[in-house]
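First the structure, in the form of structure tokens, and then the observations on it.
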Protein chains: 2
Amino acid sequence: MLYGNALVAQSGGPTAAINATLAGIISAVSQVSAIEILYGARNGLEGVLKDNIINLDEYPWNDDKLTLLQSTPASALGSCRLKLPEITNTQPYYTILETFQKYNIRYFFYIGGNDSMDAVHKIDTFMKRINYDIRVIGVPKTIDNDLMHTHHTPGYGSAAKYIGVTMQEILRDAAVYTIPAVTIVEIMGRDAGWLAAAASLPRVHGDGPDYIYLPEVVFDVENVLKDIEDALSRHPNVVIALAEGVKTPTGAYLSESESMDAFGHKSLSGAGNALERVIQKQLHCKTRVIELNTLQRCASHCASRTDIDESKAIGMDAVRVALNGISGEMVGADTETSTVPAAQVANIVRSVPVDLINDAGNNVTDEMISYIMPLIEGEVDIQWSQGLPMYLIF
Amino acid sequence: MLYGNALVAQSGGPTAAINATLAGIISAVSQVSAIEILYGARNGLEGVLKDNIINLDEYPWNDDKLTLLQSTPASALGSCRLKLPEITNTQPYYTILETFQKYNIRYFFYIGGNDSMDAVHKIDTFMKRINYDIRVIGVPKTIDNDLMHTHHTPGYGSAAKYIGVTMQEILRDAAVYTIPAVTIVEIMGRDAGWLAAAASLPRVHGDGPDYIYLPEVVFDVENVLKDIEDALSRHPNVVIALAEGVKTPTGAYLSESESMDAFGHKSLSGAGNALERVIQKQLHCKTRVIELNTLQRCASHCASRTDIDESKAIGMDAVRVALNGISGEMVGADTETSTVPAAQVANIVRSVPVDLINDAGNNVTDEMISYIMPLIEGEVDIQWSQGLPMYLIF
């Protein structure tokens, strides 16, 4: 058994479930005698590099506080967008080592997406090379649901539930007027369409949006305009879900369509705004763009019970796996052992498979809905105070 | 006692509580022997003018269904944006009369904002002039909270709660990175700042956004940039709540700042985007614009219990008042009798009073928070099915 202290950090974009994973790690570590102290790094690897470390054991944890942490949105320890260099450039790795040595860190849990798995792989490789005995475990989280070797990712279920709930409300809102209008709902997802696919969920109660355009399908504006005209001929209120990452036949992001401000400066606008300009010009139709924006990743008040429970369990599993001697791997994989080498997840995107997209390429199949449904099941108990949810902030 | 049938219709922008008012009217009318049948007009006055009328008594109402209706977002009967002409142009009024006569309508309940109160006043005046015996009652709803002679309006509490809950989540999300960044949250309100003011609510649990800019205060870009620089000198993550209706010293909407698309066409953008362009140009700082958009008015999953209960009670009160012989008035007023002539509400905006805005004009006072707090109190019981809220749609 490897004795020493543990360090946990959070990285990449926040999710509504990333603190549930932290709660799982805190809970599991407290039951392990091999780990004496659990430290937290502020702002992911930034905190490790800058020795911005807090002692998490000093916080008076109990079940209520862990439950409150689970329903606190965004990364309670802060986050970063830091890409480690190749390990031939040893300088940052020695800085990380200094922090590990200073706090006698023998277990490092890094909660993040595919960039973070790259960090896990590199830190593990470096520490093995210099014979520093440590278990480096990647713990997945991303609303994007795009990690290789996973069935789904912690954080996705809550984001999908928020998108489903919100899309249901937008569909009701859009239906009230008789004037022909196109509502474009822009949903996150630069490379993969899993989040936009969740816009289909209202179909379980009746109708979903008219069309869903994913980054996996070439976005041909002429075809899209034909789709919209066709829908407008059937009913006045057309609703479209649009992934921010849809690309035109040239391979460019639709969002790269440029607009110029009054001073002649070019400014990038979103995919929704770009599509809006085309619709207004070609169809002379009333339009509205709704960007779901960061709320997709931080709407804890609308989190999925299933996602929160799973995210916590994956945190606990990370501790179990580390104690078993594993290092350089990511937990939560769809393998028998639940782990997979972090290098196999790093920097790769798991796209939506073609068979979950309809033949016309403008919607998802019912199989996609069957895939998402179990992930959004259940609601969390929010602790309300003075009309607003309570959070745990430290 | 006036015997006959009743007609109800919904108008203007949807709210999360407008169907609670409809539920109140349905519930109250069912207990009144003077009213035989309750009809509903589809799409407000559009349905009255086009004889698009449904018999609401044919729906199998019970307590469960009324509760489900209460938590269904947007206008269940549909809505319209229809402005009646002066009654010297009698043509539409005679068309309305035809519908009233065809269905023997003796009670007309119009749920809406200040445009709708204009319609209530005009229809009442016309029907009195031609001696058609009918009670025309205005029933207030607007998320804008800007109706004269009210303490607050049905629909505002739920919108304010959504803004408070969402702003809390955005503040957590914005806090995770160490890179200086300005997050601009654009909130509805062309003329009044009540909705933007609700962005202050997270202060009850700690900190709210750095600044809140309301339409009631002249938006001087130079001063605002100084505010932002000052906040950035204190912490990296600056969050601003911006009412869509803020106006520059020339009196123009900030949102009227023009941008040009790639083809040289001018296009209007929102206030948030306009401010973002200025910040990027002058402060060279990372920015993000989050428009809360229509979700402010349709997020039933996050409605205020107080608002929903009050909205239902006001619907019931409308029936009581009508049976007492009142006509041409709006219920829900802050008077002893709860009513006020609709003409005194029509087409006027109730602005945020100066004493609820801080001296610097860039935030609201604690008195404003004390005013809003009771209105967002309590949560509604959502009926979930397959991970999503259930609605009543007819």
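Note on B:243-256: average number of Cβ atoms from other chains within 10 Å of each residue's Cβ is 0. On the basis of the beta-carbon distance and an R0 of 25 Å, residue B:324 and residue B:129 show a calculated FRET efficiency of 0.70.
Here the label points at residue B:384 and residue B:248, each 7 Å from Cα along the C-beta direction, are separated by 4.7 nm in the simple model.
Axis of helix B:271-283 versus longest Cα principal axis of chain B: the two differ by about 0°, to the nearest ten degrees.
With contributions of -39500 (n - 2.57) from each DSSP H run of at least four residues, the per-residue ellipticity at 222 nm computed over chain B stands at -10000 deg cm²/dmol.
Helix B:18-29 and the long axis of chain B differ in direction by around 20°, with both axes built from C-alpha atoms.
Every other copy gets compared here: list the nm distances from the residue B:94 label point (7 Å along Cα to Cβ) to its counterparts, shortest first, one decimal. Values, ascending and in nm: 9.5. Exceedance of the 25 Å cut-off in Cα-Cα distance is limited, within the set B:65/B:128; A:281/B:50; A:226/A:281; A:312/B:286, to B:65/B:128; A:281/B:50; A:312/B:286. Taking the label point 7 Å along Cα→Cβ, residue A:234 and its counterparts in the other copies are spaced 5.3 nm apart, in ascending order. Distance between the 7 Å Cα→Cβ label points at residue B:52 and residue B:30: 2.6 nm. With Rh defined as the Kirkwood radius, the inverse of the mean 1/r over Cα pairs, the Rg/Rh of chain A is 1.02. Note on residue A:57: accessible area is roughly 80 Å² with a 1.4 Å probe, heavy atoms of protein only. Per-residue extension of 0.36 nm, minus the Cα-Cα distance of residue B:367 and residue B:335, leaves a gain of 9.3 nm for this segment. The A-B contact accounts for approximately 5700 Å² of buried accessible area, totalled over both chains at a 1.4 Å probe radius. Using the Cβ of residue B:200 as centre and a radius below 14 Å, the other residues enclosed give a net charge of -2, where K and R count +1 and D and E count -1. Averaging the sequence gap over all C-alpha pairs within less than 8 Å and six or more residues apart, then dividing by the number of residues, gives region B:1-149 a relative contact order of 32 percent. Peptide B:296-306 is shielded by partner chain Cβ atoms: per residue, an average of 4 of them sit within 10 Å of its Cβ.
Packing, taken as the mean count of other beta carbons within 10 Å per residue, orders the peptides B:154-164, A:74-84 from highest to lowest as B:154-164, A:74-84.
For the protein assembly as shown, taking Cα atoms only, Rg and Dmax work out to 27.8, 97 Å respectively. Peptides B:42-52, A:300-310 ranked from most to least packed by the mean count of surrounding Cβ atoms within 10 Å: A:300-310, B:42-52. Label sites at residue B:1 and residue A:349, each approximated as a point 7 angstrom past Cα along Cα to Cβ, lie 6.8 nm apart. Ascending distances from the residue A:390 label point to its copies in the other chains, with the point 7 Å along the Cα-to-beta-carbon line: 3.1 nm. Based on alpha-carbon atoms, the Kirkwood radius and the radius of gyration of region B:176-215 give Rg/Rh equal to 1.03. Over chain B, Cα pairs under 8 Å with separation of 6+ residues give a relative contact order of 23 percent. With the Cα gyration tensor of region B:1-131 giving a ≥ b ≥ c as the square roots of its eigenvalues, does the rule (a/c under 1.5 for rounded; else a/b larger than b/c for prolate; else oblate) give rounded, prolate or oblate? Oblate, because a/c is 1.5 or more while a/b does not exceed b/c. Share of the protein assembly as shown's accessible area from carbon and sulfur, percent, 1.4 Å? Ligands and nucleic acids excluded, carbon and sulfur reach 49 percent. Mean partner shielding of peptide B:174-186, defined as the number of other chain Cβ atoms within 10 Å of each residue Cβ, is 4. Taking 0.36 nm per residue of separation and subtracting the Cα-Cα distance, full extension of the segment from residue B:64 to residue B:282 would add 72.9 nm.
The values are calculated or read from the model by the stated rules, or taken from the named source; none is laboratory data. Since we're looking at a predicted model, the values are computed, not measured. FYI the Cβ positions are ideal-geometry reconstructions off the backbone, even for glycines, and counts take in every protein chain you see. These accessible areas exclude ligands, DNA and RNA; they are computed on the full protein's heavy atoms, side chains included. Shrake-Rupley method; radii C 1.70, N 1.55, O 1.52, S 1.80 Å.
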